[in-house]
Each structure stands twice: as C-alpha cells, then as structure tokens.
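Scroll down for the structure; my scribbles are underneath it.
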Amino acid sequence: MNWRVIAYRENDAFLNMAIDEAVSEAVGSGESPPTIRFYGWSPRAVSIGYFQSLEREVDLGVCKKLGVDVVRRRTGGGAVFHDSEITYSIIGKEELFPKDIIASYREICGCIVNALELLGISAEFKPINDIITGGKKISGNAQTRRGGVLLQHGTVLYEVDVDKMFSLLKVPDEKIKDKMIATVKERVTSIRQQKEAKRQDVLDALVSGFTKGREYEKGELTAKEHQRALELAETRYKTSEWNWMR
C-alpha cells in the first residue's frame, strides 16, 4: 500500500487541526491513502488537549498580547506551545497499526528515533508517548482512534523557549512557577541543543524516518480535503463552543 507524504507547510493553528480531521475523514472513507504530513505553526500557538480546561490552562490575555493562537486538539495530553518546532501527523486505518496503544506509540515514535539517529542524535522511546535523548524529552506525541482511523501527531523540538512557554500558561503560584520552569529546563531539550542541524536537514531526516519500509508517493491535499479543512476550521476549531467546551 502506498502512503501519501505531504511536505512541510505552515498554517495557523485552526487550519492545522482541521486538516488532520479532514484527512482522517478521507482516509476513513477510503477516498485518500494513509497519510504522513509535516507542518509548522504561523502564527505561534498553544494547543490544549481534548480533555483540558482552556480557562485553567492558558493565560489568554498574554496570548492575545503576543499574537499567539489558542486551539483545542482532538487528541489528549497537556498544553503545548508551538513555536520553533516541526510537527507531524500520521493517519491511517487502525488495521495498519498495532492494536495495543503502547505498541502503536512505540512503532510510530520509532520513526522519529530513526530520524534523530540520522542526525547523529541517539534517542529512545519512553512510554507512554515521549522520545528522550540523554534523559531529556525531545518529542511529545498524542493519539486518537475514531471511526476506524488512527491519528497520531506530535512535535519534534528544534529549539525550545521554556520561559516563553510558561508565560502563556497559567500556574497558580509564582514560586511554584519558578520551580516548574527550572524543572522543565532540566528535563527538556531540542535538536539545536544537541546538534547544529538546519531545519531542512531535520525535515529530510523525518521524511526518511517515517518512510523507511513504506512504499510512498509525495502528494498534496485533495481539493475536497482542502475545502473540508477550511470548513472545519471555521465551524469547529475557531469556535468558542469547541475551545471552551471544558
């Protein structure tokens, strides 16, 4: 089976999430092949997990002041600041992946591990859904299965600004906040902290990592997927009903 690989492109947060859903629908109906997509965020954004409370997690005043979008994902997990990173999504029918959740994370995250090795970075999968190098997190991932389709997306940190991230998130006490920032700085790293790699080198490595052992063709969204994504961005991902549901 041929996979479709969609090259890196930057979109706003709402369209990024809408494209993932539109492609999931098309893959589920059999109109589109299983798909691997790489993307970035312009403007910068905070995404929150499906089960999180927007009010409790995000300082919307600071986000508005700095021009940072805020969107709710279809996947679980915690709030993520999307800045200088590369995001991927992999979408296919469930039968293409292990039934066991951890096993499916291990298989997909293994693509990132392989890509990092091509860059000279030794990394490993850490259950449930992280990738670490030198004991520090360099990639976080999240997954959902709906309508017989698996969607997993995740970030590979190219550079990381922990102080900026925490300025956008709500922490109840400043002393606790300082400790959390210090802890995250000790536990999180980025590609640029490990290697002098250009973004294009990272993208090339990720394509190699995700396509290893897979037959694939480079492709684009279909006109129907693109139109559906534009519709979903307006009717779901930009709406207060979606983003404020919890």
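The values are calculated or read from the model by the stated rules, or taken from the named source; none is laboratory data. Owing to the predicted nature of the structure, the values given are computational and were not obtained by experimental measurement. Glycine gets a Cβ as well: all are built from the backbone with ideal geometry, and neighbour counts include every protein chain shown.
Specify which of the listed residues (57, 31, 25) is surrounded by 16 or more Cβ atoms within 10 Å (Cβ to Cβ) and farther than 30 Å from residue 171 by Cα.
On the way: 57 fails: farther than 30 Å from residue 171 by Cα; 31 fails: surrounded by 16 or more Cβ atoms within 10 Å (Cβ to Cβ).
Residue meeting the stated conditions: 25.
Considering only residues that are in a helix (DSSP H, G or I) and surrounded by 15 or more Cβ atoms within 10 Å (Cβ to Cβ), which ones fall in the stretch 227-246?
Listed by number, the residues that qualify are 228, 229, 230, 232, 233, 236, 237, 242, 243.
Would you confirm whether or not the stretch 152-167 contains a residue that is of a type in the set (Val, Ile, Thr) and either on the phi > 0 side of the Ramachandran plot or at pLDDT 95 or above (or both)?
yes
State whether one or more residues within the stretch 200-209 are modelled with pLDDT under 95 and buried (at least 20 other Cβ atoms within 10 Å of the Cβ).
No, the stretch 200-209 contains no residue that is modelled with pLDDT under 95 and buried (at least 20 other Cβ atoms within 10 Å of the Cβ).
State whether the residues of the stretch 113-124 include one that is out of contact with any Asp or Glu (no Cβ under 9 Å at 6 or more places or on another chain), closer than 13 Å to residue 152 by Cβ and of a type in the set (A, V, I, L, M, F, W, C).
no
What number goes with the only condition from (1) in a strand (DSSP E or B); (2) over 24 Å from residue 193 (Cβ atoms); (3) in contact with a strand residue (DSSP E or B) (Cβ under 6 Å, 6 or more places away or on another chain) that residue 63 does not pass?
Going through the list (1) in a strand (DSSP E or B); (2) over 24 Å from residue 193 (Cβ atoms); (3) in contact with a strand residue (DSSP E or B) (Cβ under 6 Å, 6 or more places away or on another chain), residue 63 breaks only (1).
Looking at the stretch 93-143 only, could you name the residues that are under 25 Å from residue 1 (Cα atoms) and under 15 Å from the mean Cα position of the chain (by Cα)?
Scanning the stretch 93-143 gives 105, 108, 109, 111, 112, 141, 142, 143.
Against the definition (hydrophobic (A, V, I, L, M, F, W, C), surrounded by 13 or more Cβ atoms within 10 Å (Cβ to Cβ), under 16 Å from residue 85 (Cβ atoms) and out of contact with any Lys or Arg (no Cβ under 7 Å at 6 or more places or on another chain)), how does residue 221 come out, yes or no?
Against the criterion (hydrophobic (A, V, I, L, M, F, W, C), surrounded by 13 or more Cβ atoms within 10 Å (Cβ to Cβ), under 16 Å from residue 85 (Cβ atoms) and out of contact with any Lys or Arg (no Cβ under 7 Å at 6 or more places or on another chain)), residue 221 does not qualify.
Does residue 173 satisfy the criteria of being out of contact with any Lys or Arg (no Cβ under 8 Å at 6 or more places or on another chain), at pLDDT 90 or above, closer than 20 Å to residue 61 by Cβ and surrounded by fewer than 17 Cβ atoms within 10 Å (Cβ to Cβ)?
No; evaluated as a whole, the condition is false for this residue.
Go through the stretch 202-226 and report how many residues are basic (Lys, Arg) and part of a strand (DSSP E or B). Walk me through how you get there before you give the answer.
To start, the set of residues in the stretch 202-226 that are basic (Lys, Arg) comprises 212, 214, 218, 224.
Add one more test, that the residue is part of a strand (DSSP E or B), and what stays is 218.
Residues that pass the stated criteria total 1.
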